[in-house]
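The values are calculated or read from the model by the stated rules, or taken from the named source; none is laboratory data. Note that the structure is a prediction, hence the values are computed from the model and not measured. When we count neighbours, we look across all protein chains shown, and the Cβ atoms used for this are built from the backbone with ideal geometry, even at glycine.
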Amino acid sequence: MRWLAMAAALTAAAAGAQEPAADPHTSADRFSLDLPANAQEPAKPADPAPAPAEAAPAEQPSGRFTLDTPIAELLANYRSKAVLDRELPGLSFDKNLDKFKALSLRRLQPLSGGRLTPELLEKVGKDLAAIE
């Protein structure tokens, strides 16, 4: 009788321990942010230092999309969305998308907890600039 109770307990535990099927929206290797509701913009410095007079102007990418394009605009275009889906899987359906879609990838970087590395942003920037 005692072993029947133990067998029933083990069967119940085994049934509850089965792992659910993998959901691509909860995959650990996708891009995900857990931002507070007020994280719309990172803090801005009071007054940036003036640029030296002899400084060369920053290079402007030839494409119409850049790292400074708002994420919502990138997601609205199927080509730029494809770049984001390839390089930052999960970004386009992140549960916090409403909190950061008005930001650009460059402004999102400091809020990403290291997920948006300079190397990753450089690759995404080149892919976005190549879109005509």
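Residue by residue through segment 74-98, note down the ones that are in a helix (DSSP H, G or I) and crowded, with 19+ Cβ neighbours inside 10 Å. Residues satisfying the conditions are Leu74, Ser80, Val83, Leu84, Leu91.
The number of residues in segment 101-118 that are more than 17 Å from Thr66 (Cβ to Cβ) and either among the charged types (D, E, K, R) or in a helix (DSSP H, G or I) (or both) comes to 3. Inclusion of Ala49 among residues that are modelled with pLDDT under 90 and of a type in the set (A, V, I, L, M) is warranted. Taking residues in segment 95-116 that are under 18 Å from Lys81 (Cβ atoms), and partners anywhere that are among the small types (Gly, Ala, Ser) and assigned to a helix (DSSP H, G or I), the pairs with Cβ atoms closer than 6 Å and at least 6 places apart or on different chains are Lys101/Ala72. Evaluated against (1) at pLDDT 95 or above; (2) crowded, with 18+ Cβ neighbours inside 10 Å, Leu120 falls short on exactly one condition, (2).
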